[in-house]
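Next up is a structure, given as C-alpha cells.
The values are calculated or read from the model by the stated rules, or taken from the named source; none is laboratory data. Quantities reported herein were computed from a predicted structural model and do not represent experimental measurements. Backbone-built Cβ (ideal geometry, glycine too); neighbour counts: all protein chains shown.
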C-alpha cells in the first residue's frame, strides 16, 4: 500500500535531510476557479438518507409576455412551467498514510505538509468535477469558417462542427457576447458575463487589450479569483486546475463564456480534512480530505442554456 515512510528517502526520509531548509516551501496551487461560479445548494435533510439523487426546481419565463392594457378589457393571464434538475451526490476524497516513526523523527511538520498537499488535491478535484458539468453545455462556438477573427458559428447539440484554427481575440469576444445577449442569457453579475480559460488561451486577447483600459471606473465591484480583466461586458478568469484539450493546431484552447445560473452544487457534507484513527498500536497514521457532494448543469436544453463553450472539432 502506498504510504509515507521514514526508511525511504523520497517518501519521507528526506524530511530530515540536513541540506534542506528548515522552512519547507510548498508551492501552493491556484485556488478554485470553476467551483466559485457554481450555485451551492445545501441538500441537508433533503438528500441525506434519501438516496444519492438531488432534485431542484427550474422555472421558465412566462408563456405570454405582458403589454399595454385597454381600460375595458380584462387583465391578461399566463403561466410558466416548472422542470426539475437532478444531480448525483458522490463521495470525493484522497488520503496520505504515514508512519508514526516518520511523524516522530521528522524535523519538518509532517501533518501540516500533508494538509497542504491534500488541500491542493481537493481544489483540483472539485474544479474538475465542476468543469465536467460546464463542459456538458449544448452551446458551442467556433470562428466562422474556422479562421474568422470577428464572427463565430454556434451549434446547439453539444458538438463543434469546425476545426478552430485561430487564437481567441477581441473580435470573437464581441461576437460571442452579442450572441449571448440575443439569446437572452442573463449576465452573471451586474451587466457582465464571465469567461474562464487557460492563460495561453487569453494571450492574444491580452495583447489585443494592452491599449484598452479594462477597468475605467473606481469601485468597480468584487473581483473574482483569477480575474485578469474586462472587455465588452465580459470579465476574464485564468485557471490551470483543469487540463487543456490540446487542439491539433495549438492556436487556442477551450474557454467558457457564461451568465448566471450555470451549475448547481448539492452539498451533503462539505469538504473537510480528516485524521485516520491510528492502527497497529499507533504506528499507522494518515490524513485525508473528504466530501459528499455533486455538481449538475442547471439548464441542459439549448433554448435555456447559460454556458457557451469556445470549442473546436479537432
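Quick one: is residue 122 within 27 Å of the chain's Cα centre (by Cα) and not in a strand (DSSP E or B)? Step through it out loud before you land on a result.
On the way: within 27 Å of the chain's Cα centre (by Cα): yes; not in a strand (DSSP E or B): yes.
So residue 122 fits the description; yes.
Can you report the number of residues in the stretch 272-286 which are in contact with a helix residue (DSSP H, G or I) (Cβ under 7 Å, 6 or more places away or on another chain) and surrounded by fewer than 18 Cβ atoms within 10 Å (Cβ to Cβ)?
Going residue by residue through the stretch 272-286, those that are in contact with a helix residue (DSSP H, G or I) (Cβ under 7 Å, 6 or more places away or on another chain) are 273, 282-283, 285.
Imposing the further condition that a residue be surrounded by fewer than 18 Cβ atoms within 10 Å (Cβ to Cβ) reduces the set to 273, 282-283.
Total meeting the criteria: 3.
Quick test for you: out of 170, 174, pick the one residue that is more than 29 Å from residue 265 (Cβ to Cβ), at pLDDT 95 or above and surrounded by 16 or more Cβ atoms within 10 Å (Cβ to Cβ). First the steps, then the outcome.
On the way: 170 fails: at pLDDT 95 or above.
Every option except 174 fails the conditions.
Quickly run through the stretch 63-112 and pick out the residues that are assigned to a loop (DSSP other than H, G, I, E, B), over 30 Å from residue 282 (Cβ atoms) and under 32 Å from the mean Cα position of the chain (by Cα).
Pass one, the stretch 63-112, residues assigned to a loop (DSSP other than H, G, I, E, B): 63-81, 89, 106-109.
Restricting the remaining residues to those that are over 30 Å from residue 282 (Cβ atoms) gives 63-81, 89.
Passing the criteria: 80, 81, 89.
Could you please find all residues in the stretch 177-200 being in a loop (DSSP other than H, G, I, E, B) and either crowded, with 22+ Cβ neighbours inside 10 Å or outside the structural domain of residue 232 (by TED's automatic domain parsing) (or both)?
185
Take residue 7 and decide whether it is within 18 Å of residue 264 (Cα to Cα), at pLDDT below 70 and assigned to a loop (DSSP other than H, G, I, E, B).
So residue 7 does not fit the description; no.
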